[in-house]
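What follows draws every value from the coordinates through simple rules; no lab data is involved. What you see is a predicted model; the values in this text were computed from it and never measured. Neighbour counts run over all protein chains shown; Cβ positions are idealised from the backbone, glycine included.
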Amino acid sequence: MAELDTSGGGKKGGGKVRTKKQSTRVDLTAMVDLAFLLITFFILTTTLQKPKAMALVMPDKDQKTNQQLPVAASRTLTLLLGSNHKFEWYIGETGKTPPTVEPNYNKKSLLDMLFEKSKEIQASTGKSMFVIIKPSDKSKYVDLVTVMDDLNIMGNDQRGIVDITAVELELLKRDGLN
Amino acid sequence: MSRAKVSRKSTAIDMTAMCDVAFLLLTFFILSAKPKVADPVKAEVPAASVQLEAIPETDFAIITVGEGKAFFQIEGDDVRKGTIEAMGETYGAKFTPEQIKTFQHVDNFGVPLNVLPSFLDLPSAQQSNYKQPGIPFDTTENNELAKWVLQARKANAALHNVEIKIAIRADAQTDYPLVNTIIKSLGKQKLDKFSLITSTKVAPKLK
């Protein structure tokens, strides 16, 4: 195949016809071609799939080991996750501060709001923001992950996922988010 | 005096070594590849830009939630064996050695325990076509899914001496109460740390 004839012509003239000794070497070029073709095929068709994970730590339900430190209401931001990927938020205690409705929920507005508020809280109280996430029954799993991801982007690890209360459900209902 | 002749060299190269290398690589890639496990249910995980942990290969179990059904997957043949034996004892179900052997090769399953023996008796071709109803779960700590997790934790701790990591792989559009129910019922066995499996996306810039 890929071999040039270098024998330099045949012998001229008579003489005995001898049986030519066959070489035992096999041309492996085609086999190498095939092997590399297969390697290329397998490498190109393989998808490297390494899914990653996000850590979720739930608060310990055991009431006996009550070692929780109180968190000032002034640096607590509560996020209420409602239906249709919309949310409300307020700073401070439930019912005392009217919640702000975010009608145009998208990833950017949530992140900007959280970032802005965390700077404000840091400036006014000198401490970092504590976020309480309260998903309602109408919210989807993706909402929770989005909020957690935004907090991870900000590097805020002070957060808790807590059950929503009846008062807050009323707030969501009033604003048509539940 | 005759002219010195330049001997003509053969252009043929010895391909043996190259052939060896090529097939060695081919063998390596084929053997190191892990086939993708077909999921019994469609679960499109939500995307997140910050991934804090990689998924381990061992000492790991995944709860898949999709279409409102729960599935369970344990890594490691020995842990699977330990778990199903313990489950059999807990619920007084008898599993034959063949059924246990089949279970060791089942990746992701979602059948109630009373259907499990007949599911394992099916030929493997029919198993993948079988419409799995999901593992029953509720808010109490004695539901089947919680028991599976508990026995997997026990079996893993006994066999590998490490705490098993529990991950949740839920479809993005799953209703939150469904996920919450599972998390709450596992919280009753003092399991508070989970890994949420996410896909990757680019992080938005902060202002």
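Suppose every K and R has +1 on its Cβ and every D and E has -1 on its Cβ; what is the size of the dipole of chain B about the Cα centre, in Debye to the nearest 20?
Computed charge dipole of chain B: roughly 1080 debye.
Measure off 7 Å from each Cα along the Cα-to-Cβ vector at B:Gln173 and B:Glu141, then give the distance between these two points in nanometres to one decimal.
Taking the two extended label points, one gets 3.6 nm.
May I ask you to sort A:Met148, B:Met18 by Cβ crowding, counting other Cβ atoms within 10 Å and putting the fewest first?
On the way: A:Met148 22, B:Met18 16.
So the residues, fewest neighbours to most, are B:Met18, A:Met148.
Compute, for the stretch A:73-174, the length of the dipole vector about the Cα centre, with Cβ point charges of +1 (Lys, Arg) and -1 (Asp, Glu) only. Units Debye, rounded to 20.
Details: 14 positive and 14 negative charges, 19 e Å.
That gives the stretch A:73-174 a dipole magnitude of about 80 debye.
Leaving out same-chain residues fewer than 8 places away, which aspartates and glutamates sit with a Cα under 17 Å from that of A:Lys173?
Counting by Cα, and skipping residues close in sequence, A:Lys173 has these aspartates and glutamates nearby: A:Glu88, A:Glu102, A:Asp137, A:Asp163.
Which of the GluC sites (Glu not before Pro) found in the stretch B:55-111 are in a DSSP loop and have at most 16 neighbouring Cβ atoms, other than their own, within 10 Å?
Passing both the DSSP loop test and the Cβ count: B:Glu57, B:Glu67.
Using Cα pairs closer than 8 Å and at least 6 residues apart in sequence, work out the relative contact order for the stretch B:1-145, in percent.
That works out to 19 percent.
Of B:Ala203, B:His160, B:Pro133, which is farthest on the positive side of the dipole of chain B, counting Cα position, with +1 on Lys and Arg Cβ, -1 on Asp and Glu Cβ, and the Cα centre as origin?
The residue sitting most towards the positive pole is B:Ala203.
Mind checking which of B:Pro35, B:Thr16, B:Thr90 is farthest towards the positive end of the stretch B:1-113's charge dipole, using Cβ charges of +1 (Lys, Arg) and -1 (Asp, Glu) about the Cα centre?
Comparing the listed Cα positions along the dipole, B:Thr16 ranks first.
I need A:Leu177, B:Leu24, A:Leu169 ordered by Cβ neighbour count within 10 Å, fewest first.
By the 10 Å Cβ count, ascending: B:Leu24, A:Leu169, A:Leu177.
Going down the list B:Lys34/B:Lys165; A:Lys127/B:Lys184; A:Lys134/B:Lys131; B:Lys131/B:Lys188, which pairs span over 26 Å between their C-alpha atoms? List each step's numbers first, then the result.
On the way: B:Lys34/B:Lys165 21 Å; A:Lys127/B:Lys184 31 Å; A:Lys134/B:Lys131 35 Å; B:Lys131/B:Lys188 30 Å.
Result: A:Lys127/B:Lys184; A:Lys134/B:Lys131; B:Lys131/B:Lys188 exceed 26 Å.
Estimate the FRET efficiency between B:Glu163 and B:Asp20 by the formula 1/(1 + (r/R0)^6), using the beta-carbon distance for r and 45 Å for R0, to the nearest 0.05.
0.50
Can you tell me the dipole magnitude for the stretch B:51-140 around its Cα centre, using point charges on the Cβ only (Lys, Arg +1; Asp, Glu -1), in Debye to the nearest 20?
In debye, rounded to 20, the stretch B:51-140 gives about 380.
Which whole-number percent gives the relative contact order of the stretch A:73-174, counting Cα pairs below 8 Å spaced six or more residues apart?
34
Is the stretch A:73-174 best put as rounded, prolate or oblate by its Cα gyration tensor, with a ≥ b ≥ c the root eigenvalues, rounded for a/c under 1.5, and otherwise prolate when a/b is larger than b/c, oblate when not?
Oblate is the answer for the stretch A:73-174, as a/c is 1.5 or above yet b/c matches or exceeds a/b.
For the stretch B:1-78, what does the relative contact order come out to in percent, with C-alpha contacts under 8 Å and a separation of six or more?
Values: 31 pairs, mean separation 14.8, N = 78.
So the answer I get is 19 percent.
Have a look at B:Leu186, B:Val6, A:Leu169 and report the one farthest towards the positive end of the charge dipole of the protein assembly as shown, computed about the Cα centre with Cβ charges (Lys/Arg +1, Asp/Glu -1).
About the Cα centre, the residue reaching furthest to the positive side is B:Val6.
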